[in-house]
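Notes for the one structure printed next.
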Amino acid sequence: MTKEKLTEIRYGFEAAYVDERFSSNLAYKPQFVSNNYKEGKKVISAIENELLVCDQFQISVAFITMGGITPLLQTLRELEKKNIPGEILTTNYLNFSEPKALEKLNGLKNITLKMFDVEAADEGLVMQKQIFIM
């Protein structure tokens with residue numbers, strides 16, 4: 001990643017978390033996304049839009065199900081065709097992740113899929129849904 005890009009990302013974080021008056025490129029300023037059906041906004045649309053313009057991505061989620069990944073599969077396949085690398089981290093917490101969903105993701109050549117073993121760890125993985133798209 002270039003020094004200029006890192007600077008723009010830093011400025012975006014400073015504007016979002018330190019001082020809202022700080023000047024930054026809106027493309028690098030974190031934003032809150034939520035479903036708002038009255039305005040026609042969906043979280044999944046925001047995620048897809050960001051994925052389609054990224055150079056790489058990192059996603060961490062507590063579990064993975066077919067219902068969760070099915071809406072993203074076409075986009076993830078497009079990223080695979082473009083050789084856009086991605087990393088996905090999940091857990092085996094309560095064995096909630098579905099093997100079929102994990103197999104689908106693991107079958108994509110551009111994605112590195114990792115699972116945090118909560119049963120073998122001395123302490124749990126503190127996690128919120130996080131998506132980092134660059």
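Brief remarks on what is shown
- Packing-based order for 2-8, 84-90, using average beta carbon neighbours within 10 Å, highest first: 84-90, 2-8
- In nm, spacing of pseudo-spin labels at Ala121 and Lys109 (7 Å Cα→C-beta vector): 3.2
- Within segment 4-104, the chymotrypsin sites (Phe, Trp or Tyr not before Pro) that combine a DSSP coil assignment with at most 10 other C-beta atoms in a 10 angstrom radius are Phe32, Tyr37.
- Each of Ala120, Leu108, Thr90 was placed along the dipole of the chain (beta-carbon charges, centred on the mean Cα), and the one lying farthest toward the positive end is Leu108.
- Cα-only Debye scattering, the chain: base-10 log of I(q)/I(0) at q = 0.11, 0.14, 0.20 Å⁻¹: -0.48, -0.77, -1.26
- Residue-averaged 222 nm ellipticity for the chain, from DSSP H runs of 4+ at -39500 (n - 2.57), nearest 500: -9500 deg cm²/dmol
- Stretch gain in nm, segment Thr70-Ser23, where the contour uses 0.36 nm per residue and the Cα spacing is subtracted: 13.1 nm
Bear in mind these aren't lab numbers, they're just calculated from the coordinates by the rules spelled out. On a predicted model such as this, the values are computed, not experimentally measured, just so you know. Here Cβ is always computed from backbone atoms with ideal geometry, including for glycine, and neighbour counts include all displayed protein chains.
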